[in-house]
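A short worksheet on the structure shown next.
The values are calculated or read from the model by the stated rules, or taken from the named source; none is laboratory data. Computed from a predicted structure; not experimentally measured. For neighbour counting, all protein chains shown are included, and Cβ atoms are generated from backbone atoms with ideal geometry for every residue, glycine included. For accessibility, only protein heavy atoms count, side chains too; no ligands or nucleic acids. Shrake-Rupley method; radii C 1.70, N 1.55, O 1.52, S 1.80 Å.
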Amino acid sequence: MSDSNLLGEFLRARRGRIRPADVGLPSDENRRVPGLRREEVALLAGISADYYLRLEQGRNRNPSVAVLESLARALDLDHAGVEHLMRLAAPRPPSARRRPRRPTVPATIRLLVESLNLPAFVEDCHFDVLAANRLAMMLSPNFQIGHNRLLSTFLDPEERTLFPDWDAMTADMVAAFRTSVADAADDARTIELVGELSLRSQRFRELWGRHDVQSRVGTRPSRLMHPQLGELTLMREKLVISGPVSQLLVIWHPHPGSDSAEKLALLRSMTVSVEPSAFPDADRPDGDDDATAVRDTHRRSAP
């Protein structure tokens with residue numbers, strides 16, 4: 001993925017999503033482009049058509065905050081969209097495009113994850129899993145160290161089966177990922193992930209081309225179809241871990257007294273009977289053998 005004109009790509013994608021009738025403009029049959037024309041966005045934003053063209057083509061990369069705010073109103077951006085627009089227009093230092101060292105999870109956070117009686121893991125801005133507890137890995141074998149949640153979600157058929165609302169979930173996931181890597185759009189890991197997924201997943205290509213953005217943090221309900229427990233509805237909580245590196249603590253929890261709470265308690269009891277060797281050591285960077293072991297545990301436990 002190139003960062004040569006991210007601002008222009010975002011503006012172009014967003015104007016293509018707005019129908020003229022939605023902003024009080026006539027819609028004629030001779031319209032050749034979906035959404036708004038460039039000159040229509042310029043009119044709504046109160047700037048010249050030539051100036052907007054230069055922004056979209058990347059020939060002007062220093063719009064004022066006032067211009068950006070006007071464009072945000074013209075394109076009907078929500079809060080996440082406005083923040084993303086501002087970040088794309090902000091000056092960015094050049095990148096060496098080398099793969100950074102694997103992030104380190106603070107020892108206290110690792111202890112917290114291991115001590116929780118809820119499925120929990122830590123992910124970085126690329127959605128790489130950096131730490132996880134046993135309960136998380138029993139919920140999904142892909143919630144473990146060394147796995148990337150984007151790759152698992154789009155490329156692993158078993159992970160797709162786990163999420164009945166896969167279409168909506170992947171749309172949210174890609175929008176959150178785009179927000180997450182806005183400041184790391186040209187680093188080696190981002191380029192690697194976007195390149196592989198664009199080649200191997202048509203669904204990802206479609207979603208990535210939409211340039212949707214949404215907040216990465218917060219609480220969302222999720223339905224899961226677990227191979228042993230059946231359907232669960234869990235809240236997925238994402239909490240920012242303080243520090244210089246962008247990491248989130250992800251916790252899955254049920255509503256107290258619900259059927260899902262009972263099923264999660266059963267899953268918790270199942271972790272006791274699983275051999276420790278089926279789970280990766282928290283200090284190990286990866287391990288396909290461990291992934292196979294946990295997945296086999298899922299299959300053997302299935303009714």
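Just need a number here: residues in the range 185-207 that are within 28 Å of residue 235 (Cβ to Cβ) and open to solvent by less than 30 Å² (accessible area, probe 1.4 Å).
Qualifying residue count for the region: 5.
In the range 130-197, which helices (runs of 4 or more DSSP H) lie fully inside it and hold 2 or more residues that are acidic (Asp, Glu)? Talk me through it step by step, then tell me what you get.
Numbers: elements: 134-139, 149-155, 157-162, 166-180.
The qualifying helices (runs of 4 or more DSSP H) are 157-162, 166-180.
Can you run down the residue pairs with Cβ atoms below 6 Å, 6 or more apart or on separate chains, where the first is in the range 184-198 and over 12 Å from residue 127 (Cβ atoms) and the partner is at pLDDT 90 or above and open to solvent by 30 Å² or more (accessible area, probe 1.4 Å)?
Within 6 Å, the pairs are 198/205.
Take residue 167 and decide whether it is of a type in the set (Asp, Glu) and within 29 Å of residue 104 (Cβ to Cβ).
no
With the structure loaded, tell me whether residue 224 is surrounded by fewer than 21 Cβ atoms within 10 Å (Cβ to Cβ), at pLDDT 95 or above, among the hydrophobic types (A, V, I, L, M, F, W, C) and not in a helix (DSSP H, G or I) or whether it fails that test.
no
Looking at 259, 288, which is the one that is modelled with pLDDT of 95 or more and open to solvent by 80 Å² or more (accessible area, probe 1.4 Å)?
Of the residues listed, the single one that is modelled with pLDDT of 95 or more and open to solvent by 80 Å² or more (accessible area, probe 1.4 Å) is 259.
What residue, among those in the range 10-30 that are open to solvent by less than 60 Å² (accessible area, probe 1.4 Å) and not β-branched (Val, Ile, Thr), is nearest to residue 183 (Cα to Cα)?
Across the range 10-30, the extreme among qualifying residues is 10.
Taking residue 128, is it closer than 20 Å to residue 202 by Cα, modelled with pLDDT of 95 or more and acidic (Asp, Glu)?
no
Tell me which residues, restricted to the range 31-44, are surrounded by fewer than 18 Cβ atoms within 10 Å (Cβ to Cβ), modelled with pLDDT under 90 and not basic (Lys, Arg).
33, 34
Of the residues in the range 227-253, how many are open to solvent by 40 Å² or more (accessible area, probe 1.4 Å), within 30 Å of residue 14 (Cα to Cα) and in a strand (DSSP E or B)?
So the count comes out to 3.
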